[in-house]
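The next block holds one structure in the form of C-alpha cells; read it before the comments.
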Amino acid sequence: MRVDLYDAMGSVGRKFLLAGKGGLNLTHAEAPARFVERFGARQAEIARWLAAFDAQSLREWARGLGVETFVGSSGRVFPVDMKAAPLLRRWVRRLRESGVEFHMHHRWLGWQAHDTLHFATPHGERALPVDAVVLALGGASWPQLGSNGGWVAPLTRAGVDVAALQPANCGFELDWSELLRSRFAGAPLKPVVAHWHDRHGVAHARQGEFVLSEYGIEGSLVYAIGAELREQISERGEALLKLDLVPGYTQPALAERLAAPRGKHSLGDWLRRRAGLDAAKCALVFELVDKPALADPFALAMQLKALPLRLRAPRPVTEAISTAGGVRLEALDKYLMLRDRPGVFCAGEMLDWEAPTGGYLLTACFASGRIAGHGVAHWLAARSAA
C-alpha cells in the first residue's frame with residue numbers, strides 16, 4: 001500500500017528530538033507487571049498494547065536500526081550515545097527507503113468529506129482523499145514543536161468523544177515567600193517520602209526527590225504522583241501532600257534527638273546536626289512551621305515527619321512535559337479505530353491516558369502506533385476481501 005506522512009512542522013520528530021535533549025530515555029527496564037502499573041487508571045488497556053510491543057521490543061527495534069541501548073542505574077534505558085538524532089535519522093531513512101512519502105508544513109484542519117482530509121499548507125488549502133488515516137497528533141504541551149492540541153476542535157465537531165486536555169508531568173503551585181523563591185528556587189529536596197490520600201481515602205506513600213521552584217514544586221517525585229494531585233485539586237480546590245523530610249528516623253527517635261540540649265547552636269544548625277537537614281529542607285521548615293512548633297522538639301519532630309504542602313494548581317499545559325486527556329479509549333475499537341468513523345485510527349499522546357517520565361510515555365506511544373498501523377492493514381484487507 002502507499003503510505004504518506006503529513007506533518008505541520010518543517011521536519012518530523014521535533015518532540016522526539018526534544019525528549020532526547022538531555023539523553024534520550026527511550027524506555028524502562030523494570031519488570032513488566034510494575035511497568036504496566038505506571039499507567040494508572042488506563043493500565044488494563046495499555047497492558048494489551050504492551051503485550052504486543054513492550055520495552056524489550058522497543059530496544060530490539062532500535063537495535064534493528066543500528067542503535068544499541070543500555071540500562072542506567074535507575075533502570076531507565078538510553079541509546080549508548082544518549083542521543084535521539086541518530087535514531088531518528090535512521091528511522092526516517094528506513095521509512096523513505098520503504099516508500100513512505102513525507103509532506104511537511106501540512107496542518108490538518110479536519111475533513112471535507114468522510115474520506116477526504118483537509119490541510120492548510122504554505123500554498124493554500126488542500127483536500128486529499130484517503131482510504132485510511134492514522135492520526136498521531138500529540139498532546140497540547142510544547143506547542144512550539146507542533147503539539148498544540150489544535151486537533152481537538154475538528155474531532156469534536158466530528159462527534160468524537162474527547163476528554164479535556166490537562167497538564168501531566170508538570171509542576172504544582174504553592175504560595176512561597178519572597179525569601180524562599182529568591183534563595184532556594186532550583187534547590188533539590190532528597191530524599192523525602194510523600195504521603196497523600198486518594199479520592200477514596202486510601203493512604204499512599206512514595207519516596208523520591210523533587211525540586212523547589214519559584215512557583216512551587218516540580219521534579220520526578222511530583223511527576224510520578226501528579227495525576228492524583230491534579231484530581232484532588234479538581235475535586236477539592238487543593239491537594240494536600242505531607243512530606244517526611246527525614247525518612248531515616250522514626251518520629252520518637254527524631255524527637256529524642258531534637259530534645260537534647262541545644263546550647264549555643266542556632267535552630268538551623270541544630271536541624272542540620274541532629275536531623276540531617278540541608279539548607280533547602282531547613283528553609284522549607286522555617287517557611288511552613290509556626291514558631292510554637294519550632295520551639296517544641298516533639299511538635300517539630302511531628303512536622304518534620306509530615307510537613308504539609310497545600311498545592312493550589314498545576315502549571316499550565318503549555319509548560320508540561322506531556323498531556324493527559326484526549327480521545328477516549330472507549331471511542332476506539334481494539335485496533336484503535338474510531339467506532340463511529342471507520343477508517344480513522346488514533347495513536348500516541350492524543351489518546352486519553354498518561355504516564356510518568358522514565359520512558360513509559362514513549363514506549364506506550366510506540367506500542368499504540370504499532371497497533372494502529374496493523375489495524376489499518378487489517379481493515380483495508382477486510383474491505384478488499386468484501
request  = Being crowded, with 23+ Cβ neighbours inside 10 Å and either in contact with a His (Cβ under 8 Å, 6 or more places away or on another chain) or of a type outside the set (A, V, I, L, M, F, W, C) (or both) is the filter here, so list the residues in the range 361-386 that pass it.
outcome  = Thr363, Ser368
remark   = Considering residues that are outside any strand (DSSP E or B) and farther than 18 Å from Gly373 by Cβ, the number found within the range 89-118 is 8
request  = Would you please name the residue that is surrounded by the fewest Cβ atoms within 10 Å (Cβ to Cβ), looking only at residues in the range 85-127 that are free of Cβ contacts under 8 Å to residues at least 24 places away in the same chain and among the hydrophobic types (A, V, I, L, M, F, W, C)?
outcome  = Ala113
key: Filter pass, Glu214 being outside any loop (DSSP other than H, G, I, E, B) and out of contact with any Leu (no Cβ under 6 Å at 6 or more places or on another chain)   = no
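Filter the range 206-235 down to residues that are of a type in the set (A, V, I, L, M, F, W, C) and farther than 18 Å from Ala41 by Cα and give me whichever is surrounded by the fewest Cβ atoms within 10 Å (Cβ to Cβ).
Val211
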task = Sort out for me the helices (runs of 4 or more DSSP H) sitting completely within the range 1-74 that have 3 or more residues that are at pLDDT 95 or above and either polar (S, T, N, Q) or surrounded by 14 or more Cβ atoms within 10 Å (Cβ to Cβ) (or both).
result = 43-52, 55-64
ask   = Val344 is checked against (1) crowded, with 20+ Cβ neighbours inside 10 Å; (2) within 24 Å of the chain's Cα centre (by Cα); (3) farther than 28 Å from Ser74 by Cα and fails just one. What number does that condition carry?
value = (2)
Among the residues listed as Ala324, Ala385, Ala299, Ala355, the single one being in contact with a helix residue (DSSP H, G or I) (Cβ under 7 Å, 6 or more places away or on another chain) and modelled with pLDDT under 95 = Ala355
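The values are calculated or read from the model by the stated rules, or taken from the named source; none is laboratory data. Computed from a predicted structure; not experimentally measured. Every residue, glycine as well, gets a Cβ built from its backbone with ideal geometry; the counts of neighbours run over all protein chains shown.
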